[in-house]
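Reviewing the structure listed below.
The values are calculated or read from the model by the stated rules, or taken from the named source; none is laboratory data. The structure displayed is predicted, hence computed values, not measured ones. Cβ placement follows ideal geometry from the backbone for every residue including glycine, while neighbour counts extend to all protein chains displayed.
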Amino acid sequence: MEFIPKSDYIKHQGTHLKNLRETAKISQSELAQQLEVDRQTVNRIEKGKTNPNSYYLNKVSECLNIPRSKVLDFEISTDIPKS
């Protein structure tokens, strides 16, 4: 199994979280309010600038009303999302 750099993984994860949020039709501000963080924190995570911890990922699943497993269920390709 080949591992990708941590920074690439975090970018893919951020893109996935953004897609989940947009599918739920929730703005960054709305999600931030539910998570009790500022909108900039949500933005940094979605852009892959910061690595969310397990507490945040669990809260995202609750806020979006999706199974926790779906938060980590994403494909990693060689195409790295743009910042």
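Within the stretch 39-62, residues that are of a type in the set (A, V, I, L, M) have Cβ atoms under 6 Å from residues that are buried (at least 16 other Cβ atoms within 10 Å of the Cβ) in these pairs: 42/28; 42/31; 42/32; 45/14; 45/52; 57/71; 60/71, counting only partners at least 6 apart in sequence or on another chain. Kindly establish whether residue 46 is at pLDDT 95 or above, among the charged types (D, E, K, R) and buried (at least 18 other Cβ atoms within 10 Å of the Cβ). Yes; evaluated as a whole, the condition is true for this residue. Yes or no: the stretch 10-21 includes at least one residue that is over 19 Å from residue 68 (Cβ atoms) and in contact with a helix residue (DSSP H, G or I) (Cβ under 9 Å, 6 or more places away or on another chain). No, the conditions are met nowhere in the stretch 10-21. Scanning the stretch 5-23 for residues that are loosely packed, with under 14 Cβ neighbours inside 10 Å and over 12 Å from the mean Cα position of the chain (by Cα) returns 5, 6, 7, 23. Residues in the stretch 24-36 that are small (Gly, Ala, Ser) and buried (at least 17 other Cβ atoms within 10 Å of the Cβ): 32 alone.
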